[in-house]
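The structure under discussion appears below in the form of structure tokens.
Every read-out reported here was derived from the displayed coordinates using simple, explicitly stated rules and does not represent laboratory data. What you see is a predicted model, and the numbers here were worked out from it, not measured in a lab. Ideal geometry is used to build each Cβ from the backbone, glycine not excepted, and the neighbour counts take in all protein chains shown.
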Amino acid sequence: MEKSISDLLKKLTRDTWSSDTVSIRKIENDDDLWYAVAECKISPEQEEFVNPAGFSIGRAYLAPGDNVPCVICKADGERIGFIVLRKWSDSDQGLNWSYFIDQKFQGMGYGKAAAKLAVKILRAADPKMPIKLSTEAFNTKAQKLYRSIGFTKSDELDGDDLVFVLY
């Protein structure tokens with residue numbers, strides 16, 4: 001990837017960042033930042049599956065071109081989750097995201113809608129780059145979601161996590 005993910009995302013039009021159900025926008029202010037790191041909560045069972053928003057935001061601070069932290073919002077603008085769009089494993093081998101939906105909004109279809117929108121955004125940013133997602137072998141819920149939106153399990157591992165890819 002010649003350009004950073006941050007540069008690739010800058011070229012996208014506003015409509016690329018939204019669907020009928022959800023929108024994704026870069027963290028723009030203190031309120032967005034506070035929401036992501038303090039107000040947006042996941043269930044204790046899910047905490048082992050995702051990095052806390054603060055970790056992802058810290059990584060974005062250290063490598064801002066490779067990590068773009070964002071909030072996920074309902075169509076009416078209410079924040080409902082956190083997502084970071086990034087390069088895969090700090091390399092030019094793919095694009096990636098990590099996200100979660102606030103527990104108050106889970107089970108309503110927002111997670112799947114946000115995942116589909118993330119695919120749309122990353123495809124628009126670089127249509128030739130594969131999108132890779134990793135998950136623990138026992139996180140069958142994530143695996144089912146990834147498969148439902150077109151990802152296939154690859155032979156690659158990310159540490160001991162399974163890798164799913166969309167070409």
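Based on Cα atoms of the chain, Rg over Rh with Rh as the Kirkwood radius reads 0.92. Multiplying the residue separation of THR16 and ARG147 by 0.36 nm and subtracting their alpha-carbon distance yields 44.9 nm. Could you tell me which of the pairs LYS3/LYS144; LYS10/LYS132; LYS87/LYS144; LYS87/LYS120 are separated by over 27 angstrom between their Cα atoms in the structure shown? Checking Cα-Cα distances, LYS3/LYS144 exceed 27 Å. Shape of region 78-167 from the C-alpha gyration tensor: oblate (a/c of 1.5 or more and a/b not above b/c, with a ≥ b ≥ c the square roots of its eigenvalues).
Neighbour counts of C-beta atoms inside 10 Å place LEU157, LEU8 in the sequence LEU157, LEU8, starting with the fewest. Between GLU45 and GLN103, the distance separating the two model label sites (each 7 Å from Cα on the Cα→Cβ line) works out to 1.1 nm. Looking at region 38-117, the GluC sites (Glu not before Pro) that sit in a DSSP loop and have at most 14 other Cβ atoms within 10 Å of their own Cβ are GLU47, GLU48, GLU78. Rounded to the nearest 20 debye, the dipole magnitude of the chain is 660 debye, with +1 charges on Lys and Arg beta carbons, -1 on Asp and Glu beta carbons, and the Cα centre as origin. Scanning residues 5 or more positions from CYS70 or on other chains, those with amide H under 5 Å from its amide H are ILE27, ILE83, VAL84, LEU85, with H placed 1.01 Å from N in the peptide plane.
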